[in-house]
Amino acid sequence: MSFDSNTINLAELELDDYEANETVLAAVHDLKNFFGNPSNCNCQENKKDKRKCFERIGFKNFFERYFEFKSLEDKELDLSIKTQLMIFQFDNENNNSDIKKYKYQYNASISICQNVFLKLCNITEHRLKTLQAHLQTNGLEERTHGNLRNIPVVHSRALVDNETANMVKQFILQYANIHGLPSPLRLRDDSEPITYLPTEKTYTSIYYEYRNHISSVFNQPENIIKYGTFQNLWHQLTPNVKFQSAASDLCDICESFKQSLKSADNDDEKENIKFDFSQHHDAAELERQHYNKILEKSKNDLSVTHICYDWAQSLTAPYSPWQVGSIYFKTPFITHLFGVCKTGEINQQLNYIIGED
C-alpha cells in the first residue's frame, strides 16, 4: 500500500495515543478511504439519522475495533467471528432451517450492514460465508483447511517444530538487542515495546545471516527453513521487532501541539488547539507543494538546478546498545553529518562528516 504518511494526522482523529508506526498509519489510511466512500454502506438509512452505519460508529471507535481484529491470529479471528454469528443469527419467516440469516451489529444499539461488518473484521465475503457454513455443521469447532488431509511429504523441507521456532525467535531477539533501538513512544496497550532495526537491514539480509549462523553452528544447511517460513515466524513470534523507516526531522511545532492536546483540560481548549494545529498543517502542506513544484521543474527545465542541504544527524562514536557500567561516566565522540544533494533524474549527494573538535 502506497501513501504519504505526512498527510495523516493522528491527533486530528483523536488517535494520538497510538504510535505513528507503519502499521498504524497504513490502517488509518485504509479506513479513511473507506469512510470517504458512502457507497460502502448498503443498508437502509435510518429516517432520524441519515448517516451511514460506519459514520454512526465514529472513526476512532471503528479504528480501535478494526485494529483489535487485525491483531488476532487466524484461529482467534475465526472463533471471534463465529461467536458473533451465533448472536447475529435469526430465524427466517418461512422457517426454512437450511437457510440462515444474520443481522450484524457493532454493539447493542448500532446495527451495521454486511459490507461494513466485513471491513470491521478485515475479512472477505468468501471467508464469512465459509465460517457461516462451518458454524452450522461443526459449531465452534476449529476450522481446518481441507488440503491439510493430503499434505505432500517433501524430504528436502525442514520440520518447523517448537525447537526450530524457538531458535528463530531467540536469534531475532538477540539480533534486535545488538542492532536495534527501542521506540521512544509509549504504546496504548500492554504489548511488548517496539524495537526498530536500522533502515539498511531487511528481512532478506537478516535471513541470510540466520542461514550462516545455523550453518556454522549445526553444519546442516539442508535442514534450514526457507525464507517465507522465516518471515512468517518473525511476524508470529516477534511482531514487536520492526524496521525503522526513512524519515525526516520532526517538527518542533507539531510535537508541541501533540503534547498540548494530551494535557488539555476541556473540550473547548482541545478544539482551539486542533484549529491552530490544522492551520499549521495546512501551511506546511503549501510549503511541501511549492517544494515539489520546484523539484519537478528542475527535472524538466535544464536551466533550473535544485539543491538541498541539511545538517542530517548527529552521531556518536563508538555506538553500542549495551551500557557497560564505566561507559555511563564517559562522553562519546560526537560527529555531525552534513549533506548536499543535487536533485534531478539521478540524485547526487555528497556527505561531510565533521568532528566535534
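Numbers at a glance
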item	result
For residue 221: the one exception among (1) in contact with a Lys or Arg (Cβ under 9 Å, 6 or more places away or on another chain); (2) at pLDDT 85 or above	(2)
Residue that is farthest from the chain's Cα centre (by Cα) [pool: residues in the stretch 239-280 that are of a type outside the set (D, E, K, R) and at pLDDT below 80]	251
Test: residue in the stretch 108-123 that is of a type outside the set (Lys, Arg), modelled with pLDDT under 75 and assigned to a loop (DSSP other than H, G, I, E, B)	no
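The values are calculated or read from the model by the stated rules, or taken from the named source; none is laboratory data. What you see is a predicted model; the values in this text were computed from it and never measured. All Cβ positions, even for glycine, are placed from backbone atoms using ideal geometry, and neighbour counts span all protein chains on display.
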